[in-house]
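Each reported figure results from applying straightforward, stated rules to the coordinates on display, with no laboratory input. Computed from a predicted structure; not experimentally measured. So basically every Cβ, Gly included, is an ideal-geometry build from the backbone, and we count neighbours across all protein chains shown.
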Amino acid sequence: MVCVFFYIFRSLITAALGLTVFTFSHAQSEPDVEGVQKPLWEAGLAGFGLTGPAYPGAADDVARGLVLPWFVYRGPVWRAAGGTVGARVAKNAFAEFDIGLSGALRASSDDVKVRSGMPELGFLLEFGPRAKLNLARPSQDSVVRLELPLRGVFEFNSGVNYRGLTFEPKLTYDNRDLGRGWGFSGSLGLIYGDQQFNQYLYGVPSQYATSSRSAYTAKAGLITPRAQLTLSHKLNEDVRMFAFSRTDFSGRGVNSDSPLHLQERGTTLGLGLIWTIGRSSQMVND
């Protein structure tokens, strides 16, 4: 329950500051490689800044800087690690299956000119199963993995509303030790939404149509292909810095003809620092 408190606390603070809808799946500070001894829990502070499109296809960028509580718990079942909070249902050397929560953040209509006068994109919470398949282990410190998360999306904005389903298959290469404290993670993925979620993101109901923004009904399907690179460096036992770049090729999405979709490609850049204040003396083979 403590890990859930820290996760939700972090999520709500960030959402209140009006970050982009897809930013909460942030870059990890350290590559995620199984079979490595790690503390059962770690806690501290995370500070980062980023700039990038408000959502895939948006013409307007948002830039934010934050300092937030940071907490990781690597229990055998209940976990707050790897970008999600939830329960690990099954795990072996090849595959892992969990059910959990992940977050996505709101984008104020004030930040996105083309959405002026439309309802804001609220704070989103995603819940559902995820399969992780370890396809190869090039070395003891690296892994090639396929992730298959299916999430139901719930919006918190004047109540709780179901907003549809997303599916985000992703191929990842993680290497936690490039030498001298450096780590690397790279991924290629696809983000799909059902008709309800894509309508929430790209649809223009008739009552919000204007002379420059025609009514539009979104289609189910691909939102964007996505490529992400993360480089991390361990400055000492307690401090790690990371930088990431994420590029969406949203011009290939099925709703690129929406009046709310104005750019075919957009890149988000971020830089951050993790300060670990405390950690468990108990180590686990994560």
Read phi for every residue in region 229-241 and hand back ³J(HN,Hα) as whole Hz from Karplus 6.51 cos²θ - 1.76 cosθ + 1.60, θ = phi - 60°, with x for Gly and Pro. 10, 10, 10, 10, 9, 8, 6, 7, 4, 10, 10, 10, 10
What net charge do the residues around residue 253 carry, taking every other residue with its C-beta under 15 Å from that of residue 253, with Lys and Arg at +1 and Asp and Glu at -1? -1
Along the Cα-to-C-beta direction of residue 269, a point sits 7 Å from the Cα; which residues of region 241-257 have their amide N less than 16 Å from that point? 242-248
Quick calc: nm separation of the 7 Å Cα→Cβ label points for residue 180 and residue 161 -> 5.2
Extending each Cα 7 Å along its Cβ direction at residue 144 and residue 127, get the distance between those two points in nm, one decimal. 3.7
Listed pairs 38/170; 113/170; 170/219 exceeding 28 Å between Cα atoms: 113/170
Computed E for residue 92/residue 214 - FRET, C-beta separation, R0 45 angstrom, nearest 0.05: 0.30
Residue 203 long-range amide H proximity, modeled H, under 5 Å: 218
